[in-house]
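Here is the structure we will look at, set down as structure tokens.
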Ligand code: EPZ
């Protein structure tokens, strides 16, 4: 439990390193190489620990980089002795991570089989994996449901195929990339996701020897090759963590320099940040975010796949919306159930109403189904501290921001969920002058 005394503006510098939504995938990609890989900018977060353990279960040697400490964020990954892990261990180890599903392609190529435990992940929708399994079957894998998960096998070499995704799913796109690069022949993927983390994974696969093209209509073509070598790669910075700290600056009336932040991946976020009334300066080594004083402006927002407004950015920003003047509208079009976190904000005094309608721009997949996937926030409202139970990673961070913006003290329970994706967030909060005590 974390005791948080709110009401003080956050000020100072935080550092962001490699993106949580790329680094674990890059680690899995090392399985495809005939030689060891080196990954740089690796943050010390739970998701990295889980994938490290899963790789070691499959015989991969994962060792910290240069000075033997992982503090400088360098990992050496040597897959030379890769072998099938024991099902019991994999099941026990995977925990709540969803990354195990991305082991399928590489393990099928090298071992002819893969076991995937039933997956966890944040409670922001039922997080299906139907696209993944359909794709793997199209490559020629046998997919059998077992009691604790899914067993996949392949008799011959996986075959390149033509795939069209019903929705530009990031995970399913990664599934295709990690499987197609060593399949026989060419794979064509239509309606691919092209998030910055996807493009960084493509860059890393290209370094390994893969041949991947991305067309203007988001059709990705992969020419399968027989062998790939290890990569040396620095992960792109975490745009979602950057946006979280920017929202914290806005919600607490603060001034935060995010060292390592990169503007190109944040263009859409920065436009919204400016429209609300926030100020930012892009510098060589990062981006400075601050609340210039005065009122924040309410606005209408629709989340979307890249280059739209990223769904992971809306939860922390909703807290800033509670301090904006007037009515703000958010239409969440990527996940059907990503406003659960607003319940706790309501208990702190926020005025937030959820709707089943698609409020805002274009009707989405969830319209007229029973999903409360639009929110209207009326502000400004004063927030007061209370007991908070963290629901998921991004919702949890938004609860922390709310507690920091609130008058009085909050008791935040379940903060280990935040450890999954925010490196050293307690030290960072203390460094920004937050009055928190574990
Ligand atoms: C990745 O999740 C990210 N996680 C998410 O970040 C991010 O919100 C999401 O992409 C969208 O950008 C990681 O990279 C580890 P999807 P992913 O497949 O790949 C539906 C965070 O906070 N779908 O693009 O699981 C799905 O239900 C996390 O860092 C299917 O229907 O997301 C959802 O509605 C949260 N069937 C939509 O696609 C499938 O087989 C988008 O999911 C797969 C997905």
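The values are calculated or read from the model by the stated rules, or taken from the named source; none is laboratory data. Because the structure is predicted, anything quoted here is derived from the model rather than measured. Reconstructed Cβ throughout: ideal geometry from the backbone, glycine too, with neighbour counts over all protein chains shown.
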Buried (at least 16 other Cβ atoms within 10 Å of the Cβ) and out of contact with any helix residue (DSSP H, G or I) (no Cβ under 9 Å at 6 or more places or on another chain) - does that describe any residue in segment 408-423? no
Residue 270 - would you say it is outside any loop (DSSP other than H, G, I, E, B) and not assigned by TED's automatic domain parsing to the domain that holds residue 406? no
Out of (1) modelled with pLDDT of 95 or more; (2) within 14 Å of the ligand (Cβ to nearest atom); (3) over 24 Å from residue 8 (Cβ atoms); (4) touching a helix residue (DSSP H, G or I) at 6+ places or on another chain (Cβ under 9 Å), the one residue 354 does not meet is (2)
Within segment 169-180, can one find any residue that is assigned to a helix (DSSP H, G or I), surrounded by 15 or more Cβ atoms within 10 Å (Cβ to Cβ) and more than 16 Å from the ligand (Cβ to nearest atom)? yes
What's the total number of residues in segment 76-92 that are part of a helix (DSSP H, G or I) and touching a residue at least 24 places away in the same chain (Cβ under 8 Å)? 4
Return the total of residues in segment 136-153 being modelled with pLDDT under 95, outside any strand (DSSP E or B) and in contact with a strand residue (DSSP E or B) (Cβ under 9 Å, 6 or more places away or on another chain). 2
Of all the helices (runs of 4 or more DSSP H) wholly in segment 327-438, which have at least 1 residues that are more than 23 Å from residue 289 (Cβ to Cβ) and in contact with a strand residue (DSSP E or B) (Cβ under 6 Å, 6 or more places away or on another chain)? 342-347
Just one of the numbered conditions (1) out of contact with any helix residue (DSSP H, G or I) (no Cβ under 7 Å at 6 or more places or on another chain); (2) modelled with pLDDT under 95 is not true of residue 392; which one? (1)
Residue count for segment 212-247, restricted to those that are farther than 26 Å from residue 40 by Cα, within 16 Å of the ligand (Cβ to nearest atom) and in contact with a helix residue (DSSP H, G or I) (Cβ under 7 Å, 6 or more places away or on another chain): 1
Scan segment 7-25 for residues that are more than 18 Å from residue 74 (Cβ to Cβ) and not in a loop (DSSP other than H, G, I, E, B) and jot them down. 11, 12, 13, 14
Just checking, which of 62, 42, 28, 4 is within 16 Å of the ligand (Cβ to nearest atom) and not in a loop (DSSP other than H, G, I, E, B)? 28
Tell me, which residue of segment 93-135 that is closer than 21 Å to residue 159 by Cα and part of a loop (DSSP other than H, G, I, E, B) is modelled with the highest pLDDT? 112
